[in-house]
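Structure first, commentary second.
The values are calculated or read from the model by the stated rules, or taken from the named source; none is laboratory data. Bear in mind the structure is a predicted one, so any value in this text is a computation, not a measurement. Cβ atoms come from the backbone with ideal geometry, glycine included; neighbour counts cover every protein chain shown.
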Amino acid sequence: MHIQLESENGPIHVKVRHNVRAKRYNLRVANQAECLVLTIPRYGSLKQAQAFALSHIGWIEARLKNRPKRIPIEPGIMLPFRGKHYQLCATGEKRGSITIEEGTTIKVAGAREHFERRVIDWLKGQAKLELLKSSHYHAENLGLRFNKLTVRDTKTRWGSCSSLGSLNYSWRLIMAPVEILDYVAAHEVAHLKEMNHGPAFWALVSKTCPQMQDHRAWLKRNGNDLHLYGS
């Protein structure tokens, strides 16, 4: 659900989320790239949420003005992949695959107008392979099973686990170091047993991913930067 605010610089879209545990309205930037999220408490209303957001329009505009610029995925940029930066290069060939050469360059074949889409599709495929491997490892380690795994471009969370045992992840995790992706997989797999963030949940995560605190800290420091890539 979204609400739209009118400002001098044009319309501003805000994602709205209900949270029965929230005690007040809360407005935050979910990631530095773009996403504004407004939390509505249990007995709140959309009308009150709109008024709350409008009362903070100055703060919103300042945050949006100062946010980092997006980085289009195009030839020549340095793209993070598994924690290391590679230069993207268009081969000029109409057909072919995406390859990594000399450990420094990602070469992309195909028409120029499809360059970004091809790179993102490739990153999604690489992410799914890596996340399947990590999810299966942690599930086996904890004696759990999941039903299916999908990757998407989620804006407000790195992963989720449904009550039916389905795991969903952000494909952008493939840009982070492998151990960070692995931690997120451990986190979501632990939700297969504990659908909360209580002590029992964190004990499960720690059991299968002992360095989880370091990896959580990395995501807090650097995770927003991964959302900047793509037009």
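Determine whether segment 105-119 contains at least one residue that is in the same structural domain as residue 179 (by TED's automatic domain parsing), touching a Cys at 6+ places or on another chain (Cβ under 6 Å) and surrounded by fewer than 15 Cβ atoms within 10 Å (Cβ to Cβ).
yes
Could you list, in sequence order, all residues of segment 168-179 that are surrounded by fewer than 24 Cβ atoms within 10 Å (Cβ to Cβ) and either assigned to a helix (DSSP H, G or I) or outside the structural domain of residue 119 (by TED's automatic domain parsing) (or both)? Quick ask: steps written out before the conclusion?
Of the residues in segment 168-179, the ones surrounded by fewer than 24 Cβ atoms within 10 Å (Cβ to Cβ) are 168, 171, 177-179.
The answer is 171, 178, 179.
Tell me which of these residue 146 doesn't satisfy, since it passes every other one: (1) in a strand (DSSP E or B); (2) touching a His at 6+ places or on another chain (Cβ under 9 Å).
Evaluating residue 146 over (1) in a strand (DSSP E or B); (2) touching a His at 6+ places or on another chain (Cβ under 9 Å) leaves (1) as the failure.
Are any of the residues in segment 50-73 touching a Lys or Arg at 6+ places or on another chain (Cβ under 6 Å), of a type in the set (Ser, Thr, Tyr), more than 20 Å from residue 230 (Cβ to Cβ) and free of Cβ contacts under 8 Å to residues at least 40 places away in the same chain?
Checked against the condition, which is being touching a Lys or Arg at 6+ places or on another chain (Cβ under 6 Å), of a type in the set (Ser, Thr, Tyr), more than 20 Å from residue 230 (Cβ to Cβ) and free of Cβ contacts under 8 Å to residues at least 40 places away in the same chain, segment 50-73 yields no hits at all.
Find the strands (runs of 3 or more DSSP E) located wholly in segment 7-113 whose residues include 2 or more that are of a type outside the set (S, T, N, Q) and within 19 Å of residue 222 (Cα to Cα), and list them. Reasoning before the result, please.
Working: elements: 10-18, 26-29, 36-40, 78-81, 84-90, 98-101, 105-108.
Fully inside segment 7-113 and qualifying: 26-29, 78-81, 84-90.
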